Amino acid sequence: MSSEQFVRGMLYLSLTVVGVPGNTAVILAFLLLLHQENRLLPADAIILHLASANLLVVGVRCLLETLASFRLANIFGDIGCKAVIFVYRTSRSLSIWLTFVLSAYQCLSIAPPGSCWASARALAAHYLGIVFFFLWLVNTCMSSAAILFSFGTKTNSTLIDYGINVKYCYVHFPSKVSKEANGAAQVGRDVVPMALMTLASLIILVFLYKHSQQVKGLRSSKSGGGSCGRSGGAEQRAAKAVVMLVSLYVVLYGVDNGLWVYTLTVRRTMSSSFISDLRIFFSSLYAALSPVVIIVSNRKVNGTLRCAVQQKPVQEKTKSLSAI
């Protein structure tokens with residue numbers, strides 16, 4: 001095994017080791033909450049779907065790339081390439097749009113009661129299932145090009161024009177127009193939610209700043225400072241967590257899209273998959289790190305996981321005592 005192959009495998013392995021357990025833990029925490037409370041708040045449902053999409057990104061792409069890099073298993077034939085790239089692109093774009101939905105909903109959540117924005121929040125919560133279905137449908141349709149143009153490396157190594165080298169697969173477009181049209185659609189699919197979630201995060205930051213100034217003013221006047229500091233605390237913590245997720249997304253997917261635009265400008269297929277590997281790494285890095293941010297910042301997830309960990313030794317001890 002070459003040193004380049006080893007480094008590549010270790011990078012994907014690190015994403016797998018962090019991302020698969022992290023996203024699985026977030027999903028299990030919300031499923032436990034759903035079992036205990038028989039319902040999930042809209043923001044919790046969005047995070048649950050986000051973690052599920054991120055798990056697909058890391059589990060399907062990074063895990064399989066790790067196995068192939070270390071020559072433990074290789075499913076990247078024609079059918080395998082079509083399936084992996086299709087699922088990866090669909091789940092990746094879902095992760096992007098769900099991050100936007102989360103930031104937009106959190107932006108509406110800080111609106112004062114009785115305002116038109118509060119009514120919009122209630123409407124969004126009511127039709128959240130339709131929003132999820134629409135996102136799945138649109139992103140699945142927009143990723144269908146992967147099924148048409150993805151092939152295994154062995155059977156398509158001679159196709160050098162209008163192609164993209166992704167190590168074990170080639171994405172080969174029939175013409176320059178189809179390559180640029182597909183590339184522009186993907187860039188637009190990423191840039192639109194990026195701009196919208198950045199705007200939502202700026203609104204949240206302005207609100208948090210104004211709220212902190214109001215709290216300082218009330219405390220200085222020695223009237224009701226403590227109660228005001230406590231009110232809205234959960235919303236503020238959730239808003240800060242969303243801003244952290246959006247900031248992480250903008251940085252990592254900004255690099256990813258920059259590399260993607262560069263790939264589109266190259267007429268002939270690159271002999272090395274280095275640029276594609278960097279793109280996949282940075283986009284998958286968000287899917288691997290976002291559950292860490294969620295676990296650290298979300299008290300529901302944090303508390304549920306702690307309770308689950310603490311109850312396990314108690315149950316084992318009870319079983320051992322009953323056996324005696």
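Annotations
- Heavy atoms of Lys167 accessible to a 1.4 Å probe, total area in Å² rounded to 10: 70
- Sequence of Tyr249, Tyr262 when ordered by accessible area, the most exposed leading, probe 1.4 angstrom: Tyr262, Tyr249
- 19 Å reach of a label modelled at Ala185, 7 Å along Cα-to-Cβ, counting backbone N of segment 68-94: 82-94
- Listed values for segment 93-107 are Karplus-derived 3J(HN,Hα) couplings in whole Hz (6.51 cos²θ - 1.76 cosθ + 1.60, θ = phi - 60°), namely 5, 4, 4, 5, 5, 5, 5, 5, 4, 5, 5, 5, 5, 5, 5, and x replaces Gly and Pro.
- Label separation (Leu31 vs Leu196): 3.0 nm, computed from points 7 Å beyond Cα along the C-beta direction.
- These residues, Ile203, Ile164, go from largest to smallest accessible area, 1.4 Å probe, as Ile203, Ile164.
- Computed from label points 7 Å out along Cα-Cβ, the spacing between Ser144 and Gln5 is 3.8 nm.
The values are calculated or read from the model by the stated rules, or taken from the named source; none is laboratory data. Source: prediction; values computed, not measured. No Cβ is skipped: glycine too gets one built from the backbone with ideal geometry, and neighbour counts run over all protein chains shown. For the accessible areas, the whole protein counts, side chains as well, though only heavy atoms, and no ligand, DNA or RNA atoms are used. Shrake-Rupley method; radii C 1.70, N 1.55, O 1.52, S 1.80 Å.
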